[in-house]
Every structure is written in C-alpha cells, then in structure tokens.
1. Sorted by mean Cβ packing within 10 Å, highest first, what order do the peptides 56-67, 106-117 take?
2. Arranged from highest to lowest average of other beta-carbon atoms within 10 Å per residue, in what order do the peptides 148-156, 270-278 appear?
3. According to the Kirkwood expression over distinct Cα-Cα pairs, how big is the hydrodynamic radius of the chain, in Å?
4. Can you check what the net charge comes to around Asp116, using other residues whose Cβ is under 12 Å from the Cβ of Asp116 (Lys, Arg +1; Asp, Glu -1)?
5. If the viscosity is 1.306 mPa s and the temperature 10 °C, what Stokes-Einstein diffusion coefficient in µm²/s follows for the stretch 65-159 when Rh is the Kirkwood radius over Cα pairs?
6. Share of the stretch 275-348's accessible area from carbon and sulfur, percent, 1.4 Å?
7. Once Rh for the stretch 131-253 is found with the Kirkwood sum over Cα pairs, what is the Stokes-Einstein diffusion coefficient at 25 °C and 0.890 mPa s, in µm²/s?
8. What does the charge dipole of the chain about its Cα centre add up to, to the nearest 20 debye, if the Cβ of each Lys and Arg holds +1 and the Cβ of each Asp and Glu holds -1?
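The values are calculated or read from the model by the stated rules, or taken from the named source; none is laboratory data. Note that the structure is a prediction, hence the values are computed from the model and not measured. Please note: Cβ atoms are built from the backbone with ideal geometry, for glycine as well, and neighbour counts cover all protein chains shown. The area values use the complete protein model at the heavy-atom level, side chains included, leaving out ligands, DNA and RNA. Shrake-Rupley method; radii C 1.70, N 1.55, O 1.52, S 1.80 Å.
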Amino acid sequence: MKFNWKKVLVGSLSAALSLSAVTGGALGLTKVAAQDTLTISADGNLLDYLEANIASFEEETGITVELMQQDMFEAMEGLPLDGPAGLAADVLIAPYDRIGSLGMTGQLAEVTLNEDAGFDDNDRLQVTANDTIYGAPVIIESLVLYYNTDLLPEAPTTFEELEALAEDESYAFDGEEGKNVAFLAKWTDFYVSYGLISGFGGYVFGEDGSDPTDIGLNNEGAIEGINYAIEWFNRWPQGMLDVTGSGDFVTQSFMNGDTAAIIGGPWDATAFVESGIPFEAAKIPTLPNGNDYQPFGGGKGWIVSNYSENKEAAQQFLDWVTSEEQQVAMFDMIREIPANHAARDYAAENSDSLTSAVIETYSSAVPMPNIPEMGEVWPGAENLMFDAASGNKTAEQSANDAVELISQSIEQKFN
C-alpha cells in the first residue's frame, strides 16, 4: 500500500503568525517530548484544514505531526492488517456508524471527550459502543427540506402545509391523472423514510440503538407512520415506487421547477446550485402527530488506532481538534458543520440556510446505531415501504416481514 506522506514542520514564525486558530495553551495541552511523532490520516478538505492549522498544535505540545493522505474508507478497512504491520496512522477519521463496530472488534483505542465541547447525550451515542467511547465527534450531517423560493416564499413548517400544497393543480403530474408532485421524498429508501417512522414511534435497536434484540420497526407507531407514507404514495406518480430510480426522479423534478419541496441531504446542494434553481433549505416539517421528523443523524469523528504507540499524543490531538477555536477554524475554511456546540452556534449565525437547516434537524435526529448488527437492517428494510405502498402487503404485514428478516439475519450472522 502506498501512502502520500505530507510532513508539516514546526518553527516557522511566518507560518505561526498566519494561523487564525488559537494555540493549544488555552486548551491546557501538555508539552511532551519533542521527538514524539503523531501520524494522522485524512483526505480532501479535512486534509486541507489540517495542513493550514496543525502547526499551532505542534508548537504548543512539541509533537511533530505527519499527515497521511489516504481515503477514509481505505484507511478504516486496512486497519486490521496495517495496524499490526505498523503501517496505519495513529489517528483516523471515520463515519459515526462505523466507529462502534471498529471499536467492538478491537481496532480502536478508548478515548475521552473534550469536556469543553458541549457534547450532549446524542453526540456521545454517535461514538460510543458497549459503554466505551471510541471517537471524538467533529462533523454533523442530517437530511433537510429543500424548497423552491420562486414557488414558496417561506418554508413549510408542518406536513399539513405540504398536504395542502399537494391539492394544488399546478403541481399535477402530466400523464397520470390525479397524481401530484408538489412535495416528494424518496421514502422507498429506508435511510430517508426512517425519520418518518421514528417520528411516529418506531425505532431500530431499543431506546439507545444498542439492543439488537429489540427491533421496533413493526410497533404501533411504526405502522402508523407507514400508513401515513402510503397516503403520499397514493398522491405520487407510479415512478415514486421505483426503488432504484425514484431518487433521480425527486431531484430532477425539483431542479426542473416542477416540485416545490423535497427531502434531501447536504450532498444534493451542489447539483441544485449548478442547475440554477432558486432554493433554500429548512428543518424538515413537523409530522401530523405533532412530533419532529427524526432522521438518522450522521457525520464523522476522529478515532485512535488501538495499535498506536502514541495514544497520549493522539488524545491531545482529539482535545485540540474538537475545541471551539479549531472547530470554528474548520467551518470557516471548509464549511463542514462542527460537532462542538459553541462552534455549531457560530456556524448557524454565520452561514446560509442549509447549515442552519442541518443543525436544526440534527437536534431532533436519532444517532444511527453503530453496532455491527446495523449492517443487517439495510437489506432487511429495503422493501419495507415498497411492499406496503405498492399494495403487495398491508403496512402491518410489511413491517412484520421486515423485522422477521432482520432478526433472522442477525441471528444467523452473529449467533
């Protein structure tokens, strides 16, 4: 495996003066032996941020940092072999939903969270497995509502408003009588529909996402949510039942100006900007039962290899990189939304509607279960909404079958 090593040297006065980030002295970092070298794996905009800011950490601690340019997934997947061979970085970046399984299989070191970062219980759940913290939250992500500002002067705040919008004949779908595209959401995708199911009372693995024996995707609330989704599928064109193609239909209809509002992710914004469609983003509207739409909350955290011989230095880096000053510096430079709460407030006040929408929706989001059994949920729930909305099964039958399939897969793979 070939790595692109980028060494950042300490001691340049001009480099130090150019840093906008505060030095580690305000964070209470401890000076360690100057010969210590910490390797950090990153790529893309996170690597750019580190290259511009890491010198302040080096200067305050005496730790020399070597930045390893490496794809995030390549680094994680290579850890079981690269770690024992001495090829893995000390510190890596990982999606929240992968941190728990990596920790539970012995790949990650236990770490502590920066007490000044304001992390709440949901933040902790993102990086915790078996009551052990295996990472430091750094970036948050969530689904949002996008709306066309030429069609809607203000964002809808309730699903009742979306229902009223769907009665407007100007959003009628050509070629299918009685069908309407005023509001669209790819609810055949469990990742997107989970916020609806959860908002009605369904859940994946128990109260905190850690009990694979407790699957609540077929409880009374979940079935109510599925039945509500069926009402929307009855309004939508037949193509919305296409498991593979409905996502493209949703985004294209929005970019064509045919649809007033959709549910999507921050990753969709670039295409919308390039299309020239006038749009803003907002928190996903309140459900008919008065509850928030509760999607999975995503993002990334810094993790420490259990094979590292520099765990103390790695912990120092985690404390530094999750500080308010560094999280603000990260946001200002690469526009990733910080996990640190004070920096998150700064981002909400100093950015666009998409950032604010992600932060607002994330506040009611559900941390995605990060135990290994979560891998069986995606295929098990793949046809959950399709079977119910197509009429192949009732909502209850579809939910029961999905839960049975998930349970059987978990039993076969893990027991």
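1. On the way: 56-67: 21.4, 106-117: 17.8.
Result, highest mean first: 56-67, 106-117.
2. Ranking, from highest mean packing down: 148-156, 270-278.
3. 22.8 Å
4. On the way: positive: none; negative: Glu115, Asp319, Glu324, Glu325.
Every neighbour counted, the sum reads -4.
5. Answer, rounded: 99 µm²/s.
6. Answer for the stretch 275-348 is 41 percent, counting heavy atoms of protein chains only.
7. The Stokes-Einstein estimate is 148 µm²/s.
8. That gives a dipole near 1020 debye.
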